[in-house]
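No lab work stands behind these numbers, since they all come straight from the coordinates. Keep in mind it's a predicted model, so treat the numbers as computed, not measured. Positions of Cβ are backbone-derived with ideal geometry, glycine not excepted, and every protein chain shown enters the neighbour counts.
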Amino acid sequence: MDKDHHKSALSVNKGVSQPPSVDDSAVSRFLRHRKKVLKADDYVDGILNRNTGILSQAITLIESSLPSHSELAQEIIERCLPFSGHSLRIGITGVPGAGKSTFIESMGTYLTRQQGKRLAVLAIDPSSERSGGSILGDKTRMEALSVDPDAFIRPSPSSGSLGGVARKTRETSVLCEAAGYDIIFIETVGVGQSETAVHSMTDFFLLLQISGAGDELQGIKRGIMEMADGILINKADGDNEPKANMAKAQYINALHLFPKSPSGWNPEVLTCSSLLGVGMSDIWNMLERYFERVGSNGYLEYKRKEQARYWMNEFIRDRFLFAFYQHPRMKDSIALMEKKVISGEISPFTAARYLLDAFENLSLKKNS
């Protein structure tokens, strides 16, 4: 019998040597072209010279959780602050399906192409509490505006912390103002507390509504209505136009029941069709009337000062909470108190007082 017949069927022949799985030259090219963290001078100069690439990198530093990035971002913000404060800040909110993105696209292109304005769009996009993911789809929905050289669109995921992303959005608006954008749209993509956050960093708060979705006034919280400086009934086209006019009349009647705003401005209700671009000039005229009113009576300056004080206190709260929960000697105490509260050994209030007293004692020992 041939000796080859005694060979195992599982024998392995000598293979061909495989190329490396990673292309070293590609890695070298990536490292060469990777964006480097610049110095504060480079960021500030780039922002003031309206370099959108540098502006985007600076915003990324603001959004970063790295301590080194945070320090650099704060330096950039402080140095850009003297060049800010000249933009019109417009907050935009609305029920799901009201057409916020379509409206921003239509109104934005009207402002850049017909009014010669430079526009920045900042969107607070809520992240999923389960997965941590967010949509960040505004750029894909605003096709014309996203390629407009006079427009800048930047969505920001909230990552489960609305207060944190709201503060970062406000800091981002400072950089956009320093970069020479005349108008800043700050859009709240979610619902609930996000309206309050956006209202606290804008000059004019715009509420988008649609008609034909049942009783229009039932789904609107009184608080949001009171915050609104203007209400738009969107999708007022075709067969829906009569319904939009009827909804407009309902909102006008409802606004008469609210106390007058300290701004001296009476909120207006308009109809528009973002899809067809109808009504954009009327909206711009309303904005001009508003800013003329609040600029002449001093309310705009007063409101911005109050907002600055509000955000100072919000930053203090954020830093205190971070220091409290991240303190190495507090973590075990917090976990222990949580177990006792869950088991019913102590009340939540007693546990909270114990933890706050413990943190205060640690702070006193550190400073003594």
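Set the Förster radius R0 to 22 Å, insert the Cβ-Cβ distance between Val278 and Arg50 as r into 1/(1 + (r/R0)^6), and round the FRET efficiency to 0.05. It comes to 0.10.
Within segment 34-83, all pairs of alpha-carbon atoms sorted by distance into 5 Å bins from zero give the percentages 4, 24, 36, 26, 8, 2, 0. Annotation: amide H of Val278 within the under-5 Å range of Ser273, sequence separation 5 or more or interchain, hydrogens built in the peptide plane. Neighbour counts of other Cβ atoms within 10 Å put Asp203, Asp239, Asp41, Asp282 in the fewest-to-most order Asp239, Asp41, Asp282, Asp203. May I ask you to derive the FRET efficiency for Gln114 and Glu71 from their Cβ-Cβ distance with R0 = 41 Å, giving the value to the nearest 0.05? The value I calculate is 0.45. Highest mean first, the peptides 289-297, 321-329, 87-95 sorted by other C-beta atoms within 10 Å per residue fall in the order 87-95, 289-297, 321-329.
Shown in residue order for segment 96-106 are the 3J(HN,Hα) couplings computed by the Karplus curve 6.51 cos²θ - 1.76 cosθ + 1.60 at θ = phi - 60°: x, x, 6, x, 4, 5, 5, 5, 4, 4, 5 Hz (x for Gly and Pro). Under the simplified labelling scheme, the Met312-Asp332 pair shows an inter-label distance of 3.9 nm, with each label point 7 Å from Cα along Cα→Cβ. For segment 299-307, backbone phi angles converted through the Karplus equation (6.51, -1.76, 1.60; θ = phi - 60°) give residue-by-residue couplings of 5, 4, 5, 4, 4, 5, 5, 5, 5 Hz, Gly and Pro being listed as x.
Pull out the extension gain between Ala144 and Lys365, defined as 0.36 nm times the separation in residues minus the alpha carbon to alpha carbon distance; nm, one decimal.
Full extension of this stretch gives 73.7 nm more.
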